[in-house]
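Here's the structure, in structure tokens; my notes come after.
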Amino acid sequence: MLGDTLKNHNIILASASPRRQQFFLELGIAVTIELKPVKEEFPKRLVHFEISDYLAQLKAIPFIDTLKPSDILITSDTIVWHQSKALGKPKNAEEAFEMIASLSNATHEVITSVCFTKIGHQITQNAVTKVTFKALTDDEIHHYINTYKPFDKAGAYGIQEWIGLIGVTKIEGSYFNVMGLPTHLVYSSLNEIATI
């Protein structure tokens with residue numbers, strides 16, 4: 001569907017996430033993968049989607065001077081927002097356990113921001129999904145961490161994995177957003193920015 005709109009554009013996806021790359025494949029959008037390291041730090045004054053918006057925009061900065069007129073750069077960031085703080089990726093198994101234990105028997109928010117950048121124009125969109133977990137046992141949490149090693153995931157879990165299958169009791173919002181990409185926003189935003 002986006003084929004005609006994007007035929008004169010080169011879509012650059014600045015993400016190493018295989019899940020995000022697969023989403024673009026399923027959307028029928030051809031992308032070039034380019035990675036440039038960024039120190040993912042944000043001002044302490046930022047809260048909620050301000051954090052993921054900031055980080056998604058921050059990831060675009062190293063590319064700005066090298067973009068060509070036909071390029072559309074896509075950068076993104078996902079955080080888990082719980083008890084008025086952002087949960088990023090755990091550094092080790094102990095931190096992963098603490099994160100998942102805090103999500104047990106509670107509702108948290110998963111926020112993904114996606115930044116679309118072309119020469120002279122930038123759009124940043126975000127989606128918020130509420131996720132509720134049942135009361136998880138320590139054994140269930142340990143089994144998940146030891147088996148799936150979720151150290152590359154915000155909040156220390158992937159909803160599409162075992163912990164989501166046995167633990168998630170309610171979702172309000174986009175499921176794909178929890179996996180790391182609000183695909184409906186990507187589709188609508190690419191339609192918009194490609195015509196600017």
Hey, what angle do you get for helix 93-103 against the long axis of the chain, alpha-carbon based, 0 to 90 degrees rounded to 10?
90 degrees
Scan around Ile11 for amide H atoms under 5 Å from its own, H built in the peptide plane at 1.01 Å from N, and keep only partners 5 or more places away or cross-chain.
Thr32, Ile72
Using the structure shown, list the pairs from Lys7/Lys44; Lys7/Lys59; Lys59/Lys130; Lys7/Lys130; Lys44/Lys68; Lys59/Lys134 with a Cα-Cα distance above 30 Å, or answer none.
Lys7/Lys44; Lys7/Lys130; Lys44/Lys68; Lys59/Lys134
Kirkwood hydrodynamic radius (C-alpha pairs) into Stokes-Einstein, the range 111-196, 20 °C and 1.002 mPa s, D in µm²/s:
146 µm²/s
Let me check against my output: what whole-number percent is the relative contact order of the range 3-193, with C-alpha pairs under 8 Å and at least 6 apart?
21 percent
The computed P(r) of the range 55-158 puts the percent of Cα pairs beyond 17 Å at 58 percent
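To the nearest 20 debye, what is the magnitude of the charge dipole of the range 1-157 about its Cα centre, counting +1 on the Cβ of each Lys and Arg and -1 on the Cβ of each Asp and Glu?
300 debye
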For the range 1-80, whose charge dipole is built from +1 on Lys and Arg Cβ atoms and -1 on Asp and Glu Cβ atoms, the candidate among Ile64, Gln21, Val47 with its Cα farthest towards the positive end is Val47
Taking +1 at the Cβ of each Lys and Arg and -1 at the Cβ of each Asp and Glu, which of Thr5, Ser104, Pro182 sits farthest along the dipole of the chain towards its positive end, judged by Cα position relative to the Cα centre?
Thr5
Percent of alpha-carbon pairs separated by more than 15 Å within the range 1-55
61 percent
3J(HN,Hα) from dihedral phi, the range 35-50, Karplus parametrisation 6.51/-1.76/1.60, rounded to Hz, x for glycine, proline:
10, 9, x, 9, 7, 7, 10, 9, x, 5, 6, 6, 9, 6, 5, 4
What's the angle, to the nearest 10 degrees (0 to 90), between helix 138-148's Cα axis and the longest principal axis of the chain?
40 degrees
Which listed residue (Thr169, Pro90, Ile145) has the Cα farthest towards the positive end of the charge dipole for the chain, taking +1 on Lys and Arg C-beta and -1 on Asp and Glu C-beta about the Cα centre?
Pro90
Cα Rg, Dmax, the range 1-108, angstrom units:
16.8, 49
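Here, each number is a calculation from the coordinates, and none is a lab measurement. Predicted model only: the values in this text are computed from it and were never measured. FYI the Cβ positions are ideal-geometry reconstructions off the backbone, even for glycines, and counts take in every protein chain you see.
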